[in-house]
Structures are given as structure tokens and as C-alpha cells.
1. Residues in the stretch 446-458: is at least one modelled with pLDDT of 95 or more, within 16 Å of ligand 2 (Cβ to nearest atom) and not in a strand (DSSP E or B)?
2. Does TYR346 satisfy the criteria of being within 16 Å of ligand 1 (Cβ to nearest atom) and modelled with pLDDT under 75?
3. Within the stretch 156-189, can you find the residues that are at pLDDT below 90, open to solvent by less than 30 Å² (accessible area, probe 1.4 Å) and not in a helix (DSSP H, G or I)?
4. Within the stretch 195-300, which helices (runs of 4 or more DSSP H) (wholly inside it) include 1 or more residues that are at pLDDT 95 or above?
5. Residues in the stretch 136-153 that are over 27 Å from ILE304 (Cα atoms) and either in contact with a Cys (Cβ under 6 Å, 6 or more places away or on another chain) or part of a helix (DSSP H, G or I) (or both): how many?
6. Identify the single condition in (1) within 16 Å of ligand 1 (Cβ to nearest atom); (2) open to solvent by 20 Å² or more (accessible area, probe 1.4 Å); (3) of a type outside the set (Asp, Glu) that HIS434 does not satisfy, given that it satisfies every other one.
7. Looking only at the stretch 372-392, decide whether some residue is within 28 Å of ASP452 (Cβ to Cβ) and either aromatic (Phe, Trp, Tyr) or surrounded by fewer than 18 Cβ atoms within 10 Å (Cβ to Cβ) (or both).
8. For the stretch 86-123, how many residues are touching a Phe, Trp or Tyr at 6+ places or on another chain (Cβ under 9 Å) and free of Cβ contacts under 8 Å to residues at least 60 places away in the same chain?
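The values are calculated or read from the model by the stated rules, or taken from the named source; none is laboratory data. In this text the structure is predicted, and so the values were computed from the model without any measurement. Don't worry about glycine lacking a Cβ; one is built from the backbone with ideal geometry, like all the others, and counts go over all protein chains shown. With ligands, DNA and RNA removed, areas are computed over all heavy atoms of the protein, side chains included. Shrake-Rupley method; radii C 1.70, N 1.55, O 1.52, S 1.80 Å.
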Amino acid sequence: MNLVDLYKDLCKNNRWYDAYCSTGENSNGKMLYFLNTNYRNLWVFETGYNVFKEIENIGRDQWIHNENHGEEKEKQHTVNMLKSKIFSRASNKYYRNKKGLAFGDMLDSDFSKEERWIIIYLTILNGYFANIPNYINVRNNEIVNIMEKRGVSREKYINILKDFIYNCDIGTMEIFMHDYLYFDSFYKDFENIDFLQMFINARDDERRELKEYVQNQPRNREITKEETCTISYKYKSTGSYVKSTLVDNAKIQYYSLILLNNTYKNYEDFIDYALFKYSEIYKNIDIKKIKNFIKNHEAVYKLIYEELFNIIQYSLNFREEKEVNEQDVNLNEKIDDTDVNSIEKYNKVSTVLKKLAKANSNYKCELEDFYGCQYFTSKESHKNYVEVHHLIPRAVGNDFENSIEVIENYVTLCPHCHRLVHLGEDVERKPALHNLYIKRIEALKEKGLDIDEKQLREYYLIEN
Ligand SMILES: [Zn+2]
Ligand SMILES: [Zn+2]
């Protein structure tokens, strides 16, 4: 069967049809989690920001005045405003942190649309969408792996993206003539039917035939499922998945693949390269002006750079704590962790709490009752060598009103158990995490850190 007939045949399968049309959480219709009905393109972060600015420092109970379709209009932006770390939360109110203030400055300056796009992109790069720190980078590497399994090299995939981006300033119908649309639409296989692989293996003329067929299908308001063209239904004019989503998907992937797999001398080198690559496509952007803006908010963008390239290691850190003058440390302050100055503060608080946690545990692993842990004596402390683990991961701290830098969230573990919690198979991590959860949940609640076990497992990316 040739490609277009195969496609028509598959479109008659209702479940196949639904899986690829839907952009819901567990369906096949979107590659990047945070691009959804409410976030069709990166500029929507501006909308989210503006909506949240209106309710800055206003309690949730007051939001009801802005009610829209039975749901506060703010609500649909909450997840992405927190996960991008543009807003933080305290006393059930949202406020702009350092990153949020930088974002506001960007909007107040007269940047062009394309200039704003690259700034938004750089600003959200260290977001923890889907609870995955540095989500954009992690996800793009996953996508590249998916493509490589089909015999499409990273370079080839980048070229498919590039071809699409360079030529996407075109009429809506034309998007159906680009390979990228099919890579995006069918990146996941469906019950052992790998349509993308068939697309890749097909002859040029077969691919062209399919594209022309899809291009000529109706996409007007009235289109129904019975018209059996999955792609047309997904891109129907009243649909939630639109051309701008596809273009942003491609742009985000393209820039991430060329920027984040490179090595840089330093932060300035990274920014220079990012803007240079962007100016290759958008010739009219004012690089000097963007650089100036970034320079004015250097502490924010430096932290993004450091988090992206793992210069800061938050997890599995097994150095013994240095001496800290405890008078320098305010344990009750919630640290704004969206700029680079927070790191020093954080390290001081963390050092004091880690020492305290170890002493409180009497240098014993908190999972000792379950795993019968063994110890050796630390050369530095002359006590059992133990490590300290954040039960609520530091990377998701912005989800909480109260600081997670509290002794209740610091768990002492032996090296075996610490690595188990981070690196073990889910079936082994799950009971370990459960035991820690049971031990700590009451104390965490008292610190205003109310979390259910399902949520905690999600933070550890353990399938429920
Ligand atoms: Zn840990
Ligand atoms: Zn242990």
C-alpha cells in the first residue's frame, strides 16, 4: 500500500484519530508539554504575566471578581507562571520575583515581537515544566533520541527544523508541504504502528502525494471527524492546535538543539552565540539592545545559564559541609532563587541545615530500619559518613508558598540509600520514598509544606 492510502486507512481508526488530534496530557498530539491550548506560542507568557500582574499580592479569594467561564482567568496561567519561575507565591498571594521583574522590564521596553520571542525563550529555559528541571533541554534530547532510533541523525533533524523555520513565513496551507509537520504530528508511534517511520522510508513522490492530499483537505469551521483526515482535523480553523504552536515548537527545538549541546567559554559567550544564531533568521533584531537588556539583568540570566549547564549541582552533592558563620544566616527568610545572588545565600542556609540534620539523626541513615545500612567513618567529621537529601526537591521549590529550606525537609541518608532515591528503578525508589514520606509528612505540614504522596512521586518522576 502506498503512503497516502495507508494514511487514509489509518484515519478511519477512531482511536488513532483521537490520539493524534488531541493535545491532552497523555495523547500524541503535542511534543512540548507547556505548549497547549492556553500557551500556543511563547508570547502567551506575556499574557500570563500581565494577568498575574493584575492580581499581584491579591489573595486568591479576591480573584473571583475576574471570573470567566466559571473559572478564574488567572488559574489557567498559574502552572506556567510558577514553573517558569516568573512569579512566586507567599501567603496565598503571587508576586514577581527577580526574574519576574526582569520580564516586566522587557515588556516595558519597546522590543519588537521577534526580539521579545528570544528574550522569553532565554527567560524560561530553566523552567521545570512537567516537574522536570531544565525541561526544554531534557525534552529536546528525548525527541532527538526518538528520531535517532528511526535513523534520523541529530544533524538531519536540525536541518528539517531549520528548513521549516526559514520558510514558515508562508500561508497556512503551506505548512502541510513541510516534512516537519509530519515529524511533529507522528513523533510517537501508536500501538506498534509507526507512521513516521513509514513516512521516512517512503519515496519522495509518495511523500509529496501525501502532503498534497493533506493540503487539499478542508479545514473550515464545520469540519467533522467523519472527514477522516487527522491532520486537517487537528489544524481546523477553530481548533486548539494552530500554526503558531507548530512554528514555536520548531523554533524552540531548533534553538535548543544548537545552543544547549554546545560548550561555551562563559556566560557572555553563551548569550553572544544565542543572539548570533537568532539573528541569522531574524535579520532585523537589534542585538545590541537585547544584550544591553540582558546585561542590566545579568544576575537573573547568569543563573539561567548556570542551571542549564549544570554548573550548579543541587543533587547528589557529597562534599562535607564547609564552616559557616551561623550569625550570617537567616533561616527564616524565603530566598528568591531566581538570580545568581541567591546561590550564596542558599549555600549558607543549606550548610547550616545539613549540619543540623546530620546531628539530629545522630549520623544514622533514616532508612536504616528498612535497609540495614552500613557506615564508614568520615575522614573530615570523624562520624558516620552520611549525606543530606531534600525530600521535596530543591528544583520545585517555587511550587510552595513556604520555603522548603527547612530542617523538616532535610533527610539524612547513607550513600547507598541516597543513590537509591535518586538513581534506583521506580519499583525500588517508590517504597524508599514512601518510608521517608511517612516519617516526615506531619513535620512538613507544620511548616506549611502540605504535600500528598502522589504529588511527591510526581516530583520524583515516578509513575503512579
Ligand atoms: Zn538527594
Ligand atoms: Zn541507608
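1. No, that holds for no residue.
2. Working: within 16 Å of ligand 1 (Cβ to nearest atom): yes; modelled with pLDDT under 75: no.
Taking the combined requirement at face value, the residue does not satisfy it.
3. Within the stretch 156-189, CYS168 is the sole residue that qualifies.
4. Working: elements: 195-201, 204-215, 230-234, 243-259, 267-281, 287-296.
Hits in the stretch 195-300: 195-201, 204-215, 243-259, 267-281, 287-296.
5. To start, the set of residues in the stretch 136-153 that are over 27 Å from ILE304 (Cα atoms) comprises 147-153.
Narrowing further to those that are either in contact with a Cys (Cβ under 6 Å, 6 or more places away or on another chain) or part of a helix (DSSP H, G or I) (or both): 147-149.
Residues that pass the stated criteria total 3.
6. Result: HIS434 passes all but (1).
7. no
8. 7
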